[in-house]
1. Looking only at segment 421-440, count how many residues are crowded, with 17+ Cβ neighbours inside 10 Å, free of Cβ contacts under 8 Å to residues at least 60 places away in the same chain and part of a loop (DSSP other than H, G, I, E, B).
2. Looking at the structure I just gave you, is P75 in contact with a Cys (Cβ under 8 Å, 6 or more places away or on another chain) and either under 27 Å from A530 (Cβ atoms) or buried (at least 24 other Cβ atoms within 10 Å of the Cβ) (or both)?
3. Filter segment 104-145 down to the residues that are aromatic (F, W, Y) and farther than 22 Å from P16 by Cα and list them by number.
4. Which of the following residues is more than 30 Å from P16 (Cα to Cα) and crowded, with 24+ Cβ neighbours inside 10 Å: V89, V84?
5. Within segment 11-52, restricting attention to residues that are among the charged types (D, E, K, R) and touching a residue at least 40 places away in the same chain (Cβ under 8 Å), which residue is nearest to Y215 (Cα to Cα)?
6. Working only within segment 45-72, note down all residues that are more than 23 Å from R466 (Cα to Cα), crowded, with 24+ Cβ neighbours inside 10 Å and over 17 Å from the mean Cα position of the chain (by Cα).
7. Those residues that are on the phi > 0 side of the Ramachandran plot and either surrounded by 15 or more Cβ atoms within 10 Å (Cβ to Cβ) or touching a Cys at 6+ places or on another chain (Cβ under 6 Å) (or both), I need them from segment 243-273; list them, please.
8. With farther than 27 Å from R260 by Cβ, over 26 Å from the mean Cα position of the chain (by Cα) and modelled with pLDDT of 95 or more as the only criterion, which of G435, G476 stands out?
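The values are calculated or read from the model by the stated rules, or taken from the named source; none is laboratory data. No experiment lies behind these values; they were computed from the predicted model shown. Ideal geometry is used to build each Cβ from the backbone, glycine not excepted, and the neighbour counts take in all protein chains shown.
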Amino acid sequence: MTRNTTMSSKPSADRPNIVLILADDMGFSDIGCFGAEIRTPALDALAAGGVRFTQMCNCARCCPTRASLLTGLHPHQAGVGHMVGDHGVGPAYQGYLRDDCLTFGEALRPAGYRTLYAGKWHVSPGLPIDRTREPAVPAGAPGNPTPRSRGFDRFHGTLAGCGNYFNPHALMDQDRRITADEPGYYYTDALTDAACGMVREAVADAVPFLLHVCYTAPHWPLHAKPEDIARCKGRYDGGWDAVRAARYERLKALGIIDPRWPVSPRDGASRDFHADPPERRRWEARRMEVYAAQVEAMDRAIGRLIETLRATGVEENTLVMFLSDNGGCAEFLREDGEAHAWPAHYAATARPGETCRVGNRVGLEPGPATTFMSYDLPWANASNTPFRRYKHWVHEGGIATPCVARWPGHTPAGALLHQPRHLIDFLPTFLDLAGAAYPVARDGHPLPPLPGESLRAALHGDDVPRAQPLCWEHEGNRAVRDGAWKLVAIHGQPWELYNMDDDRTELHDLAAREPERVRALSAVYDAWAARCGVLPWPPKKTRVAESAVKC
């Protein structure tokens, strides 16, 4: 793809800088402006001066979401129909970005934008934990793309899906693998330092910029600095049911959800917090304290980034957007090598001379680099208030994301936008704002048409209905949304049908009463699946590379 030399490289009022911030494994109600008790003043200020999308949707899992967000395509069209790594099931499931898709870095760089990337990549096999080993395919080579090989001028971050916040194992600066040796290193802060430096460089060079900041917070492991954990002490002693009840009331009061939608019942795999013995309750509360501390550290970092925009004089001409890659994560980290454990893999993320104890062990304090834990299903159920299900599923608990956008002088302050939106809408929006065209091919590979719709009108407060239905598939979990109606199913189970205007918490299945609507919507889904290369799950036994464990 050749650079468009006719496009001005100067910033202008109608071609804003763009900052897109992505959180990792954070639930719908985990920030203050979406009902949380977690303190997020920077994001709350963005919401107060901008718009909140109350029905923005992701793709239910880390790397499918990232592939979709980067390319404006559905995950299978971008090559990450399941996870990263070589799965050997054809281009839709190859486990890294396809050649016949275009990232927004590749799209906006020819339009004169400097393209900047700070944080988690997770759309390629990446790097092995053992720093003495080379990856099977070199980073940046075909089959193992990096931000630098897919359109970004600057990159500082990690290729992997998760890792130690105090010692990230797949850390890179530009094309060079580096280590986090400095005392007091914390990944959330280090990413922000890098992002702020990139902004200052672009402003000094008087070029418009697109900056993508991908925090790993609050994805497991539960790693936070002691002073941040201390600020959350005691906040969760009342348990997850109390958190869910309080968030539900705040969500209604904020206008984020319709008061007609009851909060979903406590998940059947959860339990009564107060039935646990005191030691267990204290440990459970501590896990959520650390999770909240991770979110608050991320918000503080976002505040620093916004202050950098202000200090460099570009805040007024910068669109800042924030969202999460999937719903709250119910994964339980075990010690015995079974589901979501890989103890040797995670133990290897410890610093030299340290021992990392992997697993959710009652009584072991979460937070420091010497532990590797998750916060588990009951707290994830609270993160996703008021919805059902979690990351992996395509019920609302898996795909609903808080989304905030502010563009001073354009976004109406404090507005709520309730029409369904999706990650596939971001690249059309960026092209629209940058005045850039979407090419017909990339390096000789024809590009599929973009399925999304520009959000420009929505950013100005015009909450127009969506023109086309939306579809999802992940691990056989599938859904289609058309206007008020959502057809959704868990892998191996029949379709469920919900009227989302009346019942967004998906409690009253209307499939038996509306068989014709089920047939019509399932036909929409089938056509979409065929077009995108979706295969019956599992398409075949998959092999996950060591550097690409499930996250």
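1. So the answer is 0.
2. So P75 fits the description; yes.
3. The first filter runs over segment 104-145 and keeps only residues aromatic (F, W, Y), leaving 104, 113, 117, 121.
The answer is W121, and nothing else.
4. It is V84.
5. Only one residue tops the list, namely D24.
6. Listed by number, the list holds a single entry, L46.
7. Matches in segment 243-273: none.
8. The match here is G435.
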